[in-house]
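Asks: Starting off with a structure, shown below.
The values are calculated or read from the model by the stated rules, or taken from the named source; none is laboratory data. Source: prediction; values computed, not measured. Here the Cβ positions follow ideal geometry from the backbone for every residue, glycine too, while neighbour counts run over all protein chains shown. The accessibility values were calculated without ligands, DNA or RNA, using every heavy atom of the protein model including side chains. Shrake-Rupley method; radii C 1.70, N 1.55, O 1.52, S 1.80 Å.
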Amino acid sequence: MTTLTAQDWHQKAAALIYPTGHFIDGAHDAGGSARFSVTNPATGRELCTVASGDAGTVDRAVASGRAAFRSGVWRRMAPRDRMAILQRYADLLDAHAERFALLDTLCMGKPIRDMLTIDVPSSSQTFRYFAELSDKIDGSVTSTASDAFHYILREPLGVVGCIVPWNYPLLMASWKVAPALAAGNSVVLKPAEQSPLSALLMAELFIEAGGPAGVFNVVNGLGETVGAPLSLHMDVNKIAFTGSTEVGKLMLVAAGRSNMKRVSLECGGKSPQIFLPDLGDMDRAVSYAINGIFGNMGEVCNAGSRLLVHRAIADEFIAKFRAAGTDAYRAGDPLDPETNLGPMVTDSHCARVTGLIETGVREGAKLEFGGSRPALPGSYVNPTLFSGVTNQMTIAREEIFGPVASVIVFDELAEAIRIANDSIYGLAASVWTRDLVTAHKTVRDLEAGVIWVNCFDHGDMTQPFGGYKQSGQGRDKCLESLLSYTQTKSAWVHLG
Ligand code: NAD
């Protein structure tokens, strides 16, 4: 993984030089005098200030993207040449892994080892996957009467606005930007204000890889001052959004109020995992349950936050979870490669998570462990397990986005499915059983976009990722995602 020590990483962090503006028309742009502050959540100290864009900045970035699109410099490039640039770009992401790791870890507190083993390699893999698809976006010829020749072209949309959250800053941006670029679009990326830095390095490396100026732009700023004008822009053809359900709904309103732009939404989740008595290896199942909720501090849209456990195995499951889970994730310095639990992204998010834990206790759930904050300066919350939870409790209904698991006991599978589906969300779910029929029937009955059987959070680039219900619409990764950044054009040729 890394041979560097915490001290090495701190030295690298101290020596890190990074831009703090926007990236427009192929160059860094310092922006105006308005700035917002970025705090390192592991220390509570200000890391830097960053240019706070506005509607005018968005206009400039969109105009640059539009000019590049009109010129054809990217969309009309031979697809294999586009592919070569994106593959070179993926190599550059890997080559700059340490810088990306530092930038995201310093801004949002993720353990540096997660950046090096998950976020950066998954991001370069995302670009490689979509690069390889660049010359496989085919049109078709349909069957017609002999007096006509009808063909269908698949073309890019134009300028795509990508609005992303802070929990996987580099990776969530990659999931949007890679298919948008592979399909020939221009991009304006708006990172979350908590994690604005890695996006600038992404855009800079696109130029280094040989990408044309204007194709990949970044505007930093707040949701209200940059995200909103981007979503309302009359010259943006699509908003690809990952974030909260609340803001996701605003994207749909903005599309309706402006130019009917396309909208894809990856929003919140409250993923259930159903554990049946015949699940086989209980230790393995418990280990997946622990990692599924405590990984990335629980700041994961598909976090397995609702553990639906059959009454026959509930005591054993909880005992094993307590034994293995209490110390599995230990709060520490995110720049220490041994650390696997960083702070919550901000003080206010930390306060929200601890507030929800208090609500869980108040509403009668049993605190098995955690619920407290470690004696560290940053906004840390200890991994927490509740038992005795009902699906009506606030902790079972609201997306906590923190390391908080709830065990809900059930007696019948039908009851478990009812509970699993009793949520406004439907991003992901799992079922644990050795019985083939039960497994497939449960897959069919669960209302979620991603279902795992006897595992959790497995997958590769071929797997569509996205939700049912208020977890969103549209899919990331996979071929379907690439096609969602294209539109068809029908050409009917009269041969008479
Ligand atoms: P958020 O909705 O507050 O912010 C997401 C992005 O939207 C940020 O860039 C923010 O600046 C921007 N934004 C905020 N208000 C806006 C507005 N009025 N107009 C336009 N843009 C605006 O979400 P967050 O707190 O940054 O991220 C956490 C959420 O993201 C969670 O709900 C999580 O489940 C979700 N998420 C979903 C997925 C998925 O694939 N389904 C993946 C990761 C995160």
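Asks: Given the criterion open to solvent by 60 Å² or more (accessible area, probe 1.4 Å), more than 27 Å from residue 222 (Cα to Cα) and either basic (Lys, Arg) or in the same structural domain as residue 171 (by TED's automatic domain parsing) (or both), identify the matching residue among 80, 99, 60.
Replies: Only one candidate passes the filter, namely 80.
Asks: State whether the residues of region 350-363 include one that is within 23 Å of the chain's Cα centre (by Cα), of a type in the set (Lys, Arg) and open to solvent by 50 Å² or more (accessible area, probe 1.4 Å).
Replies: Yes, that holds for at least one residue.
Asks: Would you point out the residue of region 220-230, among those that are more than 8 Å from the ligand (Cβ to nearest atom) and assigned to a helix (DSSP H, G or I), that is nearest to residue 466 (Cα to Cα)?
Replies: In this case the residue turns out to be 229.
Asks: Of all residues in region 306-340 being more than 16 Å from the ligand (Cβ to nearest atom) and of a type in the set (Lys, Arg), which is most open to solvent (accessible area, probe 1.4 Å)? Please lay out each step first, then the result.
Replies: Of all residues in region 306-340, those more than 16 Å from the ligand (Cβ to nearest atom) come to 307-340.
Pick out the ones that are also of a type in the set (Lys, Arg) and you get 311, 320, 322, 330.
Details: 311: 134, 320: 63, 322: 94, 330: 150 Å².
By that ranking, first place goes to 330.
Asks: Let me ask you something else. Out of 429, 416, 420, which single residue is within 16 Å of the ligand (Cβ to nearest atom) and at pLDDT 95 or above?
Replies: None of the others qualify; the one that does is 429.
Asks: Quick check on my filter: what residues within region 108-147 are among the hydrophobic types (A, V, I, L, M, F, W, C) and farther than 21 Å from residue 177 by Cα?
Replies: 112, 141, 145
Asks: Please find, among 180, 192, 199, 203, the residue that is touching a Cys at 6+ places or on another chain (Cβ under 8 Å), of a type outside the set (Lys, Arg) and at pLDDT 95 or above.
Replies: Sole residue among the options that is touching a Cys at 6+ places or on another chain (Cβ under 8 Å), of a type outside the set (Lys, Arg) and at pLDDT 95 or above: 180.
Asks: With the structure loaded, tell me whether residue 249 is open to solvent by less than 30 Å² (accessible area, probe 1.4 Å), part of a helix (DSSP H, G or I) and among the charged types (D, E, K, R) or whether it fails that test.
Replies: Here the answer is no, as residue 249 does not meet what is asked.
Asks: Let me ask something else about it. Residue by residue through region 177-198, note down the ones that are more than 10 Å from the ligand (Cβ to nearest atom) and under 14 Å from the mean Cα position of the chain (by Cα).
Replies: 177, 178, listed by residue number.
Asks: Right, another one. I need the helices (runs of 4 or more DSSP H) fully contained in region 71-161, keeping only those with at least 3 residues that are of a type in the set (Asp, Glu). Explain how you work it out, then say what you get.
Replies: Working: elements: 79-95, 97-108, 120-133.
The qualifying helices (runs of 4 or more DSSP H) are 79-95.
Asks: Yes or no: residue 243 assigned by TED's automatic domain parsing to the domain that holds residue 72, near the ligand (Cβ under 7 Å from one of its atoms) and closer than 27 Å to residue 345 by Cα?
Replies: It is true that residue 243 is assigned by TED's automatic domain parsing to the domain that holds residue 72, near the ligand (Cβ under 7 Å from one of its atoms) and closer than 27 Å to residue 345 by Cα.
Asks: Next up: Take the conditions more than 11 Å from the ligand (Cβ to nearest atom), in a helix (DSSP H, G or I) and out of contact with any His (no Cβ under 7 Å at 6 or more places or on another chain) and apply them to residue 203. Does it pass?
Replies: Taking the combined requirement at face value, the residue satisfies it.
Asks: With 82, 70, 88 as the choices, which residue is at pLDDT 95 or above, of a type in the set (Lys, Arg) and touching a helix residue (DSSP H, G or I) at 6+ places or on another chain (Cβ under 8 Å)?
Replies: Being at pLDDT 95 or above, of a type in the set (Lys, Arg) and touching a helix residue (DSSP H, G or I) at 6+ places or on another chain (Cβ under 8 Å) holds for just one of 82, 70, 88, which is 82.
Asks: While we're on this one: Quick one: in region 470-488, of everything that is farther than 18 Å from residue 300 by Cα and open to solvent by 70 Å² or more (accessible area, probe 1.4 Å), which residue is nearest to the ligand (Cβ to nearest atom)?
Replies: Looking at the filtered set, the residue picked out is 480.
Here is a yes/no grid of residues against (1) within 22 Å of residue 69 (Cα to Cα); (2) assigned by TED's automatic domain parsing to the domain that holds residue 158; (3) modelled with pLDDT of 95 or more; (4) within 15 Å of the ligand (Cβ to nearest atom):
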| site | (1), (2), (3), (4) |
| --- | --- |
| 232 | yes, yes, yes, yes |
| 248 | no, yes, yes, yes |
| 294 | no, no, yes, no |
| 304 | no, no, yes, yes |
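Asks: Please state which of the following conditions residue 263 fails to meet, knowing it meets all the rest: (1) open to solvent by 10 Å² or more (accessible area, probe 1.4 Å); (2) part of a helix (DSSP H, G or I); (3) among the aliphatic types (A, V, I, L, M).
Replies: (2)
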